[in-house]
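Encoded as structure tokens, the structure appears first; notes follow it.
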């Protein structure tokens, strides 16, 4: 979900069961008051980048009528009509798009939109996607409503297979990773986030211990106590200018192993902030950071 660093909707990974592309789950979504059924040629409006990516992965590009300003992947998503931002979707623009299906997240910013569209008879999915456990049933539900059951099963199997390919030696020492979501003030990913689970899948461990908040601010004392071997920063920009800015900032903490050994990495924020079809790619990028000392991924 290219959201801002501080507003990234986060995901926590939990175990899931995938058999022949079908997943058993508790109800993780809210249907519209209109019964959700497969619509042959639906006009679809998506209110979140990860939902848009799922729709494209299911082969529904031609049915996507509108998306938010934050929906930038795949590139074809940027060519779709815009209906406001992820955080502030525009009701009038959405109504003007005349959707048969509205796909949104179960968050305060989307609930009023869902409520209004339900009144017009639109099929609405208000989806809860906070963990990897939620991803598979989300894909299956979208596939069901849009008539892409077969494609949904194939996509689920592919994601499941790729995630299972990330296995590390349990006896191998895991590097301590500091995941920085903001430099000023310094804010990091804690252990109660999906990032923590991505780090584990990739072969690392969170340098930050248990915290009250999912993305807590930390001071110099906590930073030094964390002793990270690797520092990873998701960023919208990963060019040389941003790299220089990163190196300059961390040069003030030269005693940290990650800084001393030049294990500072910038990775695309859009890739790692969205619980969607590219999650295996996100894990691969993190794994590459772990396996490539003193080199950008």
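The values are calculated or read from the model by the stated rules, or taken from the named source; none is laboratory data. Only a predicted model underlies this, so the values are computations on that prediction, with no experimental measurement involved. All Cβ positions, even for glycine, are placed from backbone atoms using ideal geometry, and neighbour counts span all protein chains on display.
Loosely packed, with under 15 Cβ neighbours inside 10 Å and outside the structural domain of residue 205 (by TED's automatic domain parsing), is that true of residue 120? It is true that residue 120 is loosely packed, with under 15 Cβ neighbours inside 10 Å and outside the structural domain of residue 205 (by TED's automatic domain parsing).
The set of residues in region 248-270 that are surrounded by fewer than 18 Cβ atoms within 10 Å (Cβ to Cβ) and more than 17 Å from residue 228 (Cα to Cα) contains only 248.
Among the residues of region 203-230, those that are over 23 Å from the mean Cα position of the chain (by Cα) and under 22 Å from residue 172 (Cα atoms) comprise 226, 227, 228, 229. Are any residues in region 221-238 out of contact with any helix residue (DSSP H, G or I) (no Cβ under 8 Å at 6 or more places or on another chain) and in a helix (DSSP H, G or I), and if so, which ones? Scanning region 221-238 gives 221, 222, 225, 226. The set of residues in region 91-107 being surrounded by fewer than 16 Cβ atoms within 10 Å (Cβ to Cβ) and either touching a helix residue (DSSP H, G or I) at 6+ places or on another chain (Cβ under 9 Å) or part of a helix (DSSP H, G or I) (or both) consists of 91, 92, 93, 96.
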